[in-house]
Amino acid sequence: MQHDDVIWNTLRAGTCSYKVKTTTQDFCKNDYNVYGLCTRSNCPLSNSNYATVREEEGVCYLYVKTIERAAFPAKMWEKIKLPKDYQEALAEIDRQLIYWPFHVKDRCKKRLTKITQYLIRMRKMATRRQKKLITMPRKIERRERRREVKALLAAKLDNAIERELLERLKQGTYGDMYKFPETAFDKAIQDEDGESEVETEEPSTSKESAKEKKVQFVAAEDFDESDSSDMEDYSDNDSSDMDETESEDEEEVALERLKKSRPRVVIEYEKPKIVATKKN
Amino acid sequence: MGKKVYALNKAEVEAKRKAKEERRKEREKINAPKQTPRTIESTREPDDTWVDPEDDEVKEDESLDLLSDYFARKREPKVLITTADNPHTKTIKFCRELKQSLETAEFRWRNRMPVKQMVKAASKRNFSHIIIINEDHRKPNGLLLIHLPKGPTCFFRLSSVKFCEQIKNRAKITKHKPEVIMNNFNTRIGHTVGRVLTSLFHFDPEFHGRRVVTFHNQRDYIFFRHHRYQFKNGQKVALQEIGPRFTLRLKWVQAGTFDTKYGEYEWVLKRHEMETSRRRFFL
């Protein structure tokens, strides 16, 4: 026995497994629901006469249910294949549901429209290029970042670049662009023969003779005892002199420093000698 | 309990230190040569594909491959730089800075153009390379480099991007053609990648511009740096960075132009099969 109202009243009370309640509206998860809403007229269970449109692998079918077949659940739905052409499909729905109420026909047509639209969209997207999403495992990313940092430290980039540039200079890549005194070239070649690992330190080692005396001349003890004003002097001069090897400036600075220092420093005798050696 | 362990350790440490000192003294006595430190580089697993650039066979291969036109000084580079769909500020900025340092490059908006179509169009317009910058979380994270017209194609992971303005004491960029330094590209695949990267720059650098671009490979990470240099004397160089900086890591190489579906992969970094040892490197 089919009693639509009895079924609907039972379902509405909250025992329908297809019902999805939200704050604004109730929805229906039943595949045969034409609108997807939980209302009396849209419920595929509590309507003995019902029609809907479904899509199976790109083909649309009209599903019709009538009261006569209510006793045979296996044969309940009449499945009618709709033509591919949209207009023809609409006409087919009209023809099949000719004596049915307007709202049933209208809802089926609206559903057909929607399905046709999403099929078109799907086909279009399939032909267009697709983005490929890939995973970025956090652990791997972290490892790669860490190894990158270590590789960077091991690379000693500036040294490598400088070495390569000097190599090119020696090979004569730059032609006549750079002219340095002959001795510099000779030294560079000598260093290359010996240990050429650290070029940055070489300038200091090359002037050893001058430097030994210079160390005495600066007088470490003196420096330790000197007051803050001397310290400032020292640091100022230092910053200006350190990177460039302009010997004359250094001498002047040294002279100044000597004048300021305490009288117990008796190394003034050596000064002219140093000047002489340095100018070489 | 804890104290006991500590005491033991301390004794051990002391013993080790003494032993080390003794060994050092002994070596000094007999004037033994200085030992080289064991680093990851010095203990690197040997690779069968190490290439000697002076080898005749290698030279012949090079003269026949797809990049030979550039190295024979017949074809000047002309680079097209573009982005993935819908780029954001940092990616666009990166492209512009890359364009600056490449000198021969041109930046174009992508306009949702498929790569394959772009390859065709660009080869028709006589471009020699396409660079596509991919982005993730609004930051550049991938670099696709296609050599035209017939490949090869390399894809790199892009990381540690530092823009020019983030570099302190940077030098101003000039419009001279830069020199290129390629360091440590030793294996066959490394050699190929190195050649592709070199071919991005003009083969006749303008030496008076004193610009130098470096691709330094260390443990498969390729560091890009861009400097201005100055020879202080015959043995000292001063460097001033121009920027940008970034790091590349090779992910795959295709023999032809970009075709991830049917294209032939020359080399792919497979983590589980290949990254089995810390001392094995591929470039």
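Could you state the orientation-averaged shadow area of the convex hull built on the Cα atoms of the stretch B:241-283, in nm² to one decimal?
Numbers: hull surface 20.5 nm².
For the stretch B:241-283, the mean projected area of the Cα convex hull comes to 5.1 nm².
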Quiz prompt | Integer Hz, Karplus 6.51/-1.76/1.60 couplings in order for the stretch B:172-179, x for Gly and Pro | solution = 7, 7, 10, 9, 7, 6, x, 7
Quiz item: Looking at A:V104, A:A160, A:M122, which one has the Cα that reaches farthest to the positive end of the dipole of the stretch A:86-177 (charges on Cβ: Lys, Arg +1; Asp, Glu -1)?
Solution: A:V104
Quiz item: Would you list A:L119, B:L145, A:L152 from fewest to most Cβ contacts within 10 Å?
Solution: A:L119, A:L152, B:L145
Quiz prompt | Listed residue (B:F207, B:P152, B:F281) projecting farthest to the positive dipole end of the stretch B:126-283, Cβ model | solution = B:F207
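Could you pull out the pairs from A:K114/B:K261; A:K131/B:K251; A:K156/B:K18 whose alpha carbons sit more than 25 Å apart here? If you can, show how the numbers build up before the last one.
Numbers: A:K114/B:K261 33 Å; A:K131/B:K251 18 Å; A:K156/B:K18 32 Å.
The answer is A:K114/B:K261; A:K156/B:K18.
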Quiz item: Using the alpha-carbon atoms, what tilt in degrees (0 to 90, nearest 10) does helix B:188-198 show relative to the longest principal axis of chain B?
Solution: 50
Quiz item: Angle between the Cα long axis of helix B:2-29 and the longest principal axis of chain B, 0 to 90 degrees, nearest 10?
Solution: 80
Self-check item: Order of B:E57, A:E141, B:E62 - criterion: other Cβ atoms within 10 Å of each residue's Cβ, fewest first
Solution: B:E57, A:E141, B:E62
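Give the calculated FRET efficiency between B:R73 and A:R129 to the nearest 0.05, with a Förster radius of 51 Å applied to their Cβ-Cβ distance. Show your work: numbers first, answer last.
Working: r = 37 Å, r/R0 = 0.72.
My answer for the efficiency is 0.85.
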Quiz item: If you plug each phi of the stretch B:83-95 into the Karplus form 6.51 cos²θ - 1.76 cosθ + 1.60 with θ = phi - 60°, what whole-Hz ³J(HN,Hα) values come out, in order, with x for Gly and Pro?
Solution: 10, 6, 4, 6, x, 10, 3, 5, 5, 5, 4, 4, 4
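Can you give the helix-only mean residue ellipticity at 222 nm for chain B, where every DSSP H stretch with n ≥ 4 adds -39500 (n - 2.57) and the sum goes over all residues, rounded to the nearest 500 deg cm²/dmol?
Numbers: 7 runs with 80 residues, N = 283.
Per the formula, -8500 deg cm²/dmol.
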Quiz item: With point charges of +1 on the Cβ of Lys and Arg and -1 on the Cβ of Asp and Glu, referenced to the Cα centre of the stretch B:132-237, which listed residue (B:H216, B:I189, B:C164) lies farthest in the positive direction of the dipole?
Solution: B:C164
Exercise. Could you tell me which of the pairs A:K150/B:K172; A:K19/A:K109; B:K120/B:K175; B:K59/B:K175; B:K120/B:K177; B:K34/B:K59 are separated by over 26 angstrom between their Cα atoms in the structure shown?
Key: A:K150/B:K172; B:K120/B:K175; B:K59/B:K175; B:K120/B:K177; B:K34/B:K59
Self-check item: Length released on extending from B:I40 to B:I167, taking residue separation times 0.36 nm less the Cα-Cα span
Solution: 42.8 nm
Practice problem: Would you pull out the residues with amide H under 5 Å of B:E179's amide H, same chain only if 5 or more places away, H placed 1.01 Å from N? | Solution: B:R211, B:V212, B:V213
Exercise. Kindly state, as a whole number, the per residue volume in cubic angstrom of the convex hull around the alpha carbon atoms of the stretch B:34-148.
Key: 202
Self-check item: Ascending count of other beta-carbon atoms within 10 Å, so fewest first, for B:V268, B:V115, A:V53
Solution: B:V268, B:V115, A:V53
Practice problem: Using label points projected 7 Å from each Cα along Cα→Cβ, tell me how many nm separate B:D55 and B:K16, to one decimal. | Solution: 4.2
Exercise. Subtracting the Cα-Cα distance from 0.36 nm times the residue separation, let me have the gained length for B:V268 to B:H88 in nm, one decimal.
Key: 61.9 nm
Quiz item: To the nearest Å, what is the center-to-center distance of the stretch A:48-86 and the stretch A:87-107, using C-alpha atoms only?
Solution: 12
Quiz item: Computed over the Cα atoms of chain B, what is the convex hull's projected area averaged over all directions, in nm²?
Solution: 22.9
Quiz item: Taking R0 as 60 Å, what's the FRET efficiency between B:L64 and A:E78 from their Cβ-Cβ distance, rounded to 0.05?
Solution: 0.25
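Which FRET efficiency, nearest 0.05, do A:T24 and A:K109 yield, Cβ-Cβ r, R0 35 Å? Show your work: numbers first, answer last.
Details: r = 26 Å, r/R0 = 0.74.
That gives a FRET efficiency of 0.85.
Bear in mind that the values in this text are calculations on the coordinates, not laboratory data. As the structure is a prediction and not an experimental result, all values here were calculated from the model. When we count neighbours, we look across all protein chains shown, and the Cβ atoms used for this are built from the backbone with ideal geometry, even at glycine.
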